[in-house]
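Undergrad: One structure is given below, represented as structure tokens, and several questions about it will come after.
The values are calculated or read from the model by the stated rules, or taken from the named source; none is laboratory data. Since the model is a prediction, treat every value here as computed from it, not as a measurement. Note that each Cβ is placed from the backbone with ideal geometry, even for glycine, and that neighbours are counted across all protein chains shown.
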Protein chains: 2
Amino acid sequence: MGIIEGNAVLFTQGGPTAVINASWVGVARGLMNTPEITGIYGSIHGIDGILNENFVDLRAQNPETLEAITRTPATALLSTRHKPSDEDNKSMLNVFKKYNIRYVFSAGGNDTSEALDIINDAAKVENYEIRMFHLAKTVDNDLMENDHTPGYASAARYVANAFRGVDMDNRCFGGIYLGVCMGRHAGFLTAASALGRTGPDSGPHLVYVPERSFNIDQFCNDVEKIYTKLGRCVIAVSEGVEDDSGVPILQCLSSGKLEADSHGNVQLSGTGALADALIDRLKMYMKEKGVVEKLRARGDTLGYIQRSFPDQSPVDREETLGLGLFAAEQALSGNKDGSVAIQRVSDDPYKITYKLVPLKSVAGKTRHLPDNHINEAGNNVTDAFIKWGKPLIGELIQFGLLDQSKAVPKIS
Amino acid sequence: MGIIEGNAVLFTQGGPTAVINASWVGVARGLMNTPEITGIYGSIHGIDGILNENFVDLRAQNPETLEAITRTPATALLSTRHKPSDEDNKSMLNVFKKYNIRYVFSAGGNDTSEALDIINDAAKVENYEIRMFHLAKTVDNDLMENDHTPGYASAARYVANAFRGVDMDNRCFGGIYLGVCMGRHAGFLTAASALGRTGPDSGPHLVYVPERSFNIDQFCNDVEKIYTKLGRCVIAVSEGVEDDSGVPILQCLSSGKLEADSHGNVQLSGTGALADALIDRLKMYMKEKGVVEKLRARGDTLGYIQRSFPDQSPVDREETLGLGLFAAEQALSGNKDGSVAIQRVSDDPYKITYKLVPLKSVAGKTRHLPDNHINEAGNNVTDAFIKWGKPLIGELIQFGLLDQSKAVPKIS
């Protein structure tokens, strides 16, 4: 039951991250020196590459190029959002048999884990030994069994840096800054906006996540309170916020021209509509309430740059390479399958471990921000979240603020 | 005509940059050890701090805090968009006299240079010796007499990094990515999107700047050509693009709900409208032309993060600290006034020099991308631009791409 001779295939599926390459390069390095692994194949464009038998020889790649690839955002194996049908799963198993593929490693979301599980079950029925590994991957951080997922920390680092920068910018003039972050059902990435706060009056002052229903009036009221106190307010909002009956806020506020993807999900990324609509609403509210006639208010949508900005969290990078190596070791150690999860051993010192969990345990489920990471009012994160998130994103540049108490005496 | 005893005031005006603090801290350091400079004052919120006599003692600040401030984006002196009236200019001169302020240093755009020039002329009439210095500052890079302005290179570094990241992301699935960059009249920052290209098929494949009129049909046609060839297209567009009769494209495409700032300029930043409208138009075009029924197309607006992201170009940082020091030296060397410009001595090795130019020479004028930086079709930058821009942004991470020619032979 040790090593079975055959080929390995590595592929990536779904939305990429800034470290997804590190996960499959980690696997490739872990298999490289095992002669029983006759070929290490990279499937191009995820499962489409398997279905089309479009494989690249990863052993033939220049090691320096592979090293550079680990530092390159998005996936050099390219990707697809093709959700495999029953027919596709059958076809893939046939390709695996045809190419004597005995090891499968896929970096993907919970959809991918589900597909691997289905193929695995079918292979068992046919008595074809195959070792299926799912490598966690998502900036949304919404996979079950994981303390955090590879890719999250780098995206979180970007979001934290973006917000600490715009918070400084917002101080200059006052007014409102609202940034919409990725996160359809899980608020981890939006919450990361708070990880770069520098002082007690630092933004974001309000953080709205999809785990809590979003009430537009309450939102306006929250902003008014901060604005009245500080003359400014920085706000982070998840793209996926919904009202208490589950209707996306974008839908509540917009004309309803919304696009669905091939999984039937409404398009929330790649449009500035939610930020613009919330800003319009805030301006109207502040005017009607007589707070300020013409509110200086700006909304940005952080968009795709969140997952592809070339500034990996060093923690994310090391953990992801390690996760790939761990998957390779597991695959070589026996007839195993599973999803490699990152679990936290301790907060201080920060320490993690890898654990192989059943494919089924992450398939088709969504992990949410724990309750104790969200404040009671549902408009901010808690210290517990900050404590959890800080070790993930690496060092940030230390900011300085002027000591305004050292004032020059006025001449009367 | 050497040093005149009195106080110095430093202030920042208009939109901040990632290095604007380095410019005034550079000045403060340059004045710190000169006993004739009795006080070094920071005016809070630009000219508003002068009008309200709201000054902070910069000599009393902790040097470590000042060092941290040089690395902090936006301005720790805070800012204003208040454009001084004739009355304000008179009031400011009175404040300068009241506080025995003999040295004025302002980091601002060309509006600021104009105001300093007016006050300077008025001071001369009254025989009040005052030395007025304008420190170039703008991410737009649109100041006359400057090879480039402090702040541009850091914003350019961010834009280059953002585009090289999203270009990798765009490869994964194909389709269209469009990013709208800051730049109302000058295309320097949008052009910087091309500075991180990694290979011959790297995006951005199309770059539209305000220096050339923007034709919507031609744009769709340009995109179609690239998309048909590569299955993807990454596009950078300046927020300020206009049609051939000078109407902003956002206005051509949108319902016309546009907001003007206190200078009468239409609001182009802080809204995702242009990106969304261009993406909608592209989808419609590609469908009508039968190229693709449902185009995968995403638009992001890079927004305020462009000028505040905490990742300074090391070149920008050093040059900006140096520019502040140079201004201080000039001020201490005689009864001078002027704007400190960065001029390029040579491309290879990259070398610059500081030059004191008349305030009037930068006041109220806009510098544009030179003709030889834009290609003939008006839809891309040239090698001349890349050669000019590369030395400014510092080292970027080296990316790697898989060698797909090393394919696994298909089994028939």
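Undergrad: Starting from the range B:147-165, take each residue that is within 17 Å of A:Leu302 (Cα to Cα) and list its partners that are β-branched (Val, Ile, Thr) and assigned to a helix (DSSP H, G or I), counting only C-beta distances under 6 angstrom and pairs at least six apart or across chains.
TA: B:Ala162/A:Ile305
Undergrad: Further question: State all residues of the range B:279-290 that are in contact (Cβ under 8 Å) with a residue 60 or more places away in the chain and surrounded by 15 or more Cβ atoms within 10 Å (Cβ to Cβ); if no residue qualifies, say none. Let's see the steps before the verdict.
TA: First pass over the range B:279-290, keeping only residues in contact (Cβ under 8 Å) with a residue 60 or more places away in the chain: B:279, B:281-282, B:285-286, B:289.
Scanning the range B:279-290 gives B:Ile279, B:Arg281, B:Leu282, B:Tyr285, B:Met286.
Undergrad: While we're looking at this one, here's another question. Taking the range A:143-173, which residues are in contact with a Lys or Arg (Cβ under 7 Å, 6 or more places away or on another chain), closer than 24 Å to A:Thr112 by Cβ and surrounded by 24 or more Cβ atoms within 10 Å (Cβ to Cβ)?
TA: Within the range A:143-173, A:Leu143, A:Thr149, A:Pro150, A:Gly151, A:Ala155 meet the criteria.
Undergrad: Mind checking which residues of the range A:305-336 are polar (S, T, N, Q) and either buried (at least 24 other Cβ atoms within 10 Å of the Cβ) or in contact with a Phe, Trp or Tyr (Cβ under 6 Å, 6 or more places away or on another chain) (or both)?
TA: Just the residues of the range A:305-336 that are polar (S, T, N, Q), to begin with: A:306, A:308, A:312-313, A:320, A:330, A:333, A:335.
If the condition is that a residue be polar (S, T, N, Q) and either buried (at least 24 other Cβ atoms within 10 Å of the Cβ) or in contact with a Phe, Trp or Tyr (Cβ under 6 Å, 6 or more places away or on another chain) (or both), then A:Gln306, A:Ser308, A:Gln312, A:Ser313, A:Thr320 are the ones that fit.
Undergrad: If I ask for residues that are part of a helix (DSSP H, G or I), polar (S, T, N, Q) and touching a residue at least 24 places away in the same chain (Cβ under 8 Å), which ones from the range B:350-379 would you list? Give the steps one after another, and end with the answer.
TA: So in the range B:350-379, the residues part of a helix (DSSP H, G or I) come out as B:359-362, B:371-373.
If we keep only those that are polar (S, T, N, Q) as well, we get B:361, B:372.
Once the filter is applied, which keeps residues that are part of a helix (DSSP H, G or I), polar (S, T, N, Q) and touching a residue at least 24 places away in the same chain (Cβ under 8 Å), the range B:350-379 yields only B:Ser361.
Undergrad: Restricting attention to the range B:380-412, and to residues there that are outside any loop (DSSP other than H, G, I, E, B) and over 20 Å from the mean Cα position of the chain (by Cα), which single residue is farthest from the other protein chains (Cβ to nearest Cβ)?
TA: Step one: filter the range B:380-412 for residues outside any loop (DSSP other than H, G, I, E, B), giving B:381, B:383-392, B:407.
Next, only the ones that are over 20 Å from the mean Cα position of the chain (by Cα) stay: B:383, B:407.
Numbers: B:Asp383: 23, B:Ala407: 6 Å.
Residue satisfying both the conditions and the ranking: B:Asp383.
Undergrad: Could you say whether any residue in the range A:169-180 is assigned by TED's automatic domain parsing to the domain that holds A:Ala277, over 15 Å from A:Leu282 (Cα atoms) and in contact with a helix residue (DSSP H, G or I) (Cβ under 6 Å, 6 or more places away or on another chain)?
TA: yes
Undergrad: If you don't mind, there's one more thing I want to ask. Check B:Ala22, B:Ala115 and return the single one that is within 12 Å of another protein chain (Cβ to nearest Cβ) and small (Gly, Ala, Ser).
TA: Numbers: B:Ala115 fails: within 12 Å of another protein chain (Cβ to nearest Cβ).
Just a single option satisfies the conditions, and that option is B:Ala22.
Undergrad: Does A:Gly299 qualify as being in contact with a Leu (Cβ under 7 Å, 6 or more places away or on another chain), modelled with pLDDT of 90 or more and surrounded by 14 or more Cβ atoms within 10 Å (Cβ to Cβ)? Talk me through it step by step, then tell me what you get.
TA: Values: in contact with a Leu (Cβ under 7 Å, 6 or more places away or on another chain): yes; modelled with pLDDT of 90 or more: yes; surrounded by 14 or more Cβ atoms within 10 Å (Cβ to Cβ): yes.
Yes; evaluated as a whole, the condition is true for this residue.
Undergrad: A further question follows. Could you grab me the full set of residues in the range B:1-23 that are part of a loop (DSSP other than H, G, I, E, B) and surrounded by fewer than 24 Cβ atoms within 10 Å (Cβ to Cβ)? Even if it seems obvious, please write down each step before you answer.
TA: Step one: list which residues in the range B:1-23 are part of a loop (DSSP other than H, G, I, E, B), which gives B:1-5, B:13-19.
Once the filter is applied, which keeps residues that are part of a loop (DSSP other than H, G, I, E, B) and surrounded by fewer than 24 Cβ atoms within 10 Å (Cβ to Cβ), the range B:1-23 yields B:Met1, B:Gly2, B:Ile3, B:Ile4, B:Glu5.
Undergrad: Quick test for you: out of A:Ile176, A:Ile130, pick the one residue that is surrounded by 24 or more Cβ atoms within 10 Å (Cβ to Cβ), touching a residue at least 24 places away in the same chain (Cβ under 8 Å) and out of contact with any Gly (no Cβ under 7 Å at 6 or more places or on another chain).
TA: Working: A:Ile130 fails: surrounded by 24 or more Cβ atoms within 10 Å (Cβ to Cβ).
Only one candidate qualifies: A:Ile176.
Undergrad: Applying the selection to the range A:135-186, what residues are assigned to a helix (DSSP H, G or I) and either over 18 Å from A:Val237 (Cα atoms) or away from chain B (no Cβ under 12 Å) (or both)?
TA: A:Tyr152, A:Ala153, A:Ser154, A:Ala156, A:Met168, A:Asp169, A:Arg171, A:Cys172, A:Phe173
Undergrad: If B:His82 meets every condition in (1) without any contact (Cβ under 8 Å) to a residue 40 or more places away in the chain; (2) surrounded by fewer than 19 Cβ atoms within 10 Å (Cβ to Cβ) apart from one, which number is that one?
TA: Status for B:His82: all satisfied but (1).
Undergrad: Sort out which residues of the range B:32-48 are under 23 Å from B:Gly109 (Cα atoms) and either of a type in the set (Ser, Thr, Tyr) or not in a loop (DSSP other than H, G, I, E, B) (or both), and write them in order of number. It would help to see each step written out before you state the result.
TA: Narrowing the range B:32-48 to residues under 23 Å from B:Gly109 (Cα atoms): B:40-48.
Matches in the range B:32-48: B:Ile40, B:Tyr41, B:Gly42, B:Ser43, B:Ile47, B:Asp48.
Undergrad: Can I ask one more? Among the residues that make up the range B:68-79, is at least one of them at the interface with another protein chain (Cβ under 7 Å from one of its Cβ atoms) and over 29 Å from the mean Cα position of the chain (by Cα)?
TA: No, because not a single residue in the range B:68-79 is at the interface with another protein chain (Cβ under 7 Å from one of its Cβ atoms) and over 29 Å from the mean Cα position of the chain (by Cα).
Undergrad: Does the range B:49-66 hold any residues that are farther than 16 Å from B:Leu31 by Cβ, more than 7 Å from chain A (Cβ to nearest Cβ) and not in a loop (DSSP other than H, G, I, E, B), and which are they?
TA: Within the range B:49-66, B:Gly49, B:Ile50, B:Leu51, B:Glu64 meet the criteria.
Undergrad: Right, something else. If you take the residues of the range A:24-59 that are closer than 24 Å to A:Glu318 by Cα, surrounded by fewer than 22 Cβ atoms within 10 Å (Cβ to Cβ) and without any contact (Cβ under 8 Å) to a residue 40 or more places away in the chain, which of them is farthest from the chain's Cα centre (by Cα)?
TA: Among those residues, the one meeting the criterion is A:Asn33.
Undergrad: Could you check, for the range A:91-99, whether at least one of its residues is at the interface with another protein chain (Cβ under 7 Å from one of its Cβ atoms) and either out of contact with any Asp or Glu (no Cβ under 6 Å at 6 or more places or on another chain) or among the aromatic types (Phe, Trp, Tyr) (or both)? Working first, answer last.
TA: From the range A:91-99, those at the interface with another protein chain (Cβ under 7 Å from one of its Cβ atoms) are A:98-99; that's our starting set.
Now restrict to residues that are either out of contact with any Asp or Glu (no Cβ under 6 Å at 6 or more places or on another chain) or among the aromatic types (Phe, Trp, Tyr) (or both): A:98-99.
Scanning the range A:91-99 turns up at least one residue that is at the interface with another protein chain (Cβ under 7 Å from one of its Cβ atoms) and either out of contact with any Asp or Glu (no Cβ under 6 Å at 6 or more places or on another chain) or among the aromatic types (Phe, Trp, Tyr) (or both).
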